[in-house]
1. Calculate one ³J(HN,Hα) per residue across region B:447-452 by plugging θ = phi - 60° into the Karplus curve 6.51 cos²θ - 1.76 cosθ + 1.60, and present them in order as whole Hz with x for glycine and proline.
2. Take the Cβ-Cβ distance between B:R205 and B:K333 as r, set R0 to 56 Å, and report the resulting FRET efficiency rounded to the nearest 0.05.
3. Per the helix-only calculation at 222 nm, which mean residue ellipticity applies to chain B, given -39500 (n - 2.57) for every DSSP H run of n ≥ 4 and division by its residues, nearest 500 deg cm²/dmol?
4. Report the label-to-label distance for B:L362 and B:W395 in nanometres (one decimal), using points 7 Å from each Cα along the Cα→Cβ vector.
5. Normalised by the residues of chain B, what does the relative contact order come to in percent, with Cα pairs under 8 Å and at least six apart?
6. Put a dot 7 Å past each Cα toward the Cβ at B:F432 and B:L388; how far apart are the dots in nm?
7. Full-extension gain between B:D258 and B:K340, please, as 0.36 nm times their residue separation minus the C-alpha to C-alpha distance.
8. Find how much the distance from B:A78 to B:A219 grows on full extension, using 0.36 nm per residue of separation minus their present alpha carbon separation; answer in nm with one decimal.
Amino acid sequence: MSDGPREGLLLVRNAQTLRSKPLADKIMLIAVVLCLAIALVRVGLVVVTVPYAMYKNSVAVPAAGGASSKSVGSRVAHSWTWLTWWGGRPNPHRDGGNYLGVMSRHITSRNLGCVIGVLLEKDNAKGYGITRVIVPSDMTALYGEESGNLMKRADGTEFRTYWAPISRDAAIFSDVPVKTRKYDPVLTAAQSAALRTTAGLKEQSKEFWVAKPRVGGSGQWILYASVTGEKRDYFFIPLELSPAGGAK
Amino acid sequence: MSSPLPELAAIAYFVVIGWIALWPMRERLGAFAYHTAALPSGMLAAPLAAAFTTTLHRPLDFISAAVGGLLLVAAVWAVTWLAMPHASAAWTLGGSDAGGVAKGFGLAAGAYAVVAGVLGVARFTIANADSYVSYWPLGVELSRTGAINERVFASRAQLLPSLSAIHVTFGSDWAYVIYPMVAVTLLVWIATTLWSGPLRSASTRTKLFVSGAAVGFLALEPSFVFHSIFVHSHMISATYLLMSLSSLWVAARTADEDGPNAAWLIVAGAFAAGLALTRTDGLAYEFVPVATAIGVLTLSKVRLKSVVAFFAPMMFVIYAVFAAGYAGLGMWKDNKLSGKPALMILGVLAVAAVSPWIVEQLDRRLPFRVAGERFMGLLVSVSAVLLLAVFVIKWDSARLALANTRINLFEGAGGYFYLWYAVVILTAISAFTGDALRPKSWTRGAFLGVALFFVIAGLVHGTAHAGRIGVGDSLNRIVFHVVPVVVWYVSAVVARILSPAEETADAEAAPTPQQLQPDLAE
């Protein structure tokens, strides 16, 4: 790509020309180089320090009797270089593998009340509220076709999750009998208190309706809540992998 | 973990549609630009497929996806035939180096496959409530029912749900690959347009340094990395904004006796349509490329062919999608964008399509110039005064919005660290170097484009809602859309400083299309 001597001559000419540039041009070049240097130094600090933070959280801390951090995000969560560089944005993750997996990162029954509570508190004045919950009687409608995570039912049989249908009403379940259930809290008192503290809620909403499937498996609960309002809909399909004890 | 193959198949579909749609323009665009533009161009088939299914009440299956692709190809080819009739030789391989073309396709296909394969195996993703409550499930619903519903038109815009729907049709469970693929496309596009634009007279080493620094800076910028894997509208909006604007700048600088380069105008119009359909506020930010286009189209005598080249692909895609929406939903009412204001904006777009002639007439009758390069400057000045007036009238909400923006962008709450200080300082210095408003330069259009973007942002976000403090704030995320344009602008300034020949570019003849074609095998 480079053409040797001509390239060298051009560089020399450029350097000579640079010296004769106006002051503003020189300042511009210095500022640009400074910006590049800052970017490189910041990334360099992350590259140098984060592997140790990850090692510490995955090996050293458990070896000393502490809890191991499983996800990449939680392993780097205490690295100040990462936090400074990443700017407090949500951490990337690669586990899950499909929609339900992604959902499971964000909505579990532990934070369902938090999310819905925040929305309801925010929009109650506008007349929004959860009106009903739709639960397919036939579990295959919820899990259905093969894709996503391999899961195990209580009876030991396995199934793969499928995108859980979302709709504003029961129309999408036209070929499946549906039923509604009243709110059946899955949060322990301690979890509810923790949620209230975390979310800064004045009062956690008691109005939303949540249903659980007739058959749970391996401790999994699939909760399907349809939130509808006057002009706006919220949909949530929370997935909790291990509800007992609260910790995932 | 589910297989990444369905996602890769969806991306292959978009790339192939893009290749076919842009085929007659490949020689005018050059190999790098042609192959890089294929993915974002092909993605426009998704909302057209959704418009088709919404109109005919059928699911968005493979047939509908194919029809969406055919609609896009037919529209772009028709515009090409109208705007570039003399380019008939480009419809076939006649006269071209068939071996070179095949080699280019082979290399591009290989590059796409490698990048998509790596991303498909890595499968990093970031999602927020918008991602898993709207963008993906709305796509699933669209794939099943085929109907673009009210939530899409009112809250989420049409491109992302239809993009998700195509993924679902191909069997995908989540969009891991398309977002980082678009980010890579943006990086390649920046290097390509800098290399063959502001850096064209620079030495190879300077080209490598400046374009490499631009790409490297963005690739190391955490906001860029974040939006590369964030299942949301921002990376795609940023890509369409930069690609549309830079295509217009190249079209202006490669004008010949027939006016601005028609091939670049066509892709600029197509990318502007993508910008409009990616977010509901995209219809507002759409006026950044539209205003730039009016300036480019009035640089010399306004030609119908040139106006058609930019506005026809843009208006076909946007109007087709919204026509399907109005036919199916009527005048929808909802939160972010209801039917009536959307209709008004679409009407303004129609007026914009004839405005080059209006501006030309005004330019003849007024005692000062308003056409060509002066148009964007005047528009930015007038709209900035309008913005100030609106801020004064609605000072309570504007003050809160400005305070939130200051805290987010300059005091760390938005996660940008020093980035916006750098933007402000570098832009201020560029005013002293004379690049900001230098006539007939690569930098003037970029500077004014960024300025108009912020004026629109002020009008949209400064008064309607004040936003909030934190990385999740809407404006805090939207300002990212203009970051690649700023990087392109700063790079163009550096290119001018480091390229002695560029200082005399005003006196140079415009580069020929051949000069703007970096050899893929170089």
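1. 4, 5, x, 4, 4, 5
2. Working: r = 59 Å, r/R0 = 1.05.
FRET efficiency, B:R205 to B:K333: 0.45.
3. Values: 23 runs with 356 residues, N = 522.
Roughly -22500 deg cm²/dmol at 222 nm, from the helical runs in chain B.
4. That separation, rounded to one decimal, is 3.0 nm.
5. Working: 833 pairs, mean separation 101.5, N = 522.
Relative contact order of chain B: 19 percent.
6. 2.4
7. Values: separation 82, 0.36 × 82 = 29.52 nm, distance 3.87 nm.
Working it through step by step, the gained length comes to 25.7 nm.
8. Details: separation 141, 0.36 × 141 = 50.76 nm, distance 3.72 nm.
Extra length available between B:A78 and B:A219 comes to 47.0 nm.
Laboratory data are not the source of any read-out in this text; all were calculated from the coordinates shown. Quick caveat: nothing in here was measured; it's all calculated off a predicted structure. For neighbour counting, all protein chains shown are included, and Cβ atoms are generated from backbone atoms with ideal geometry for every residue, glycine included.
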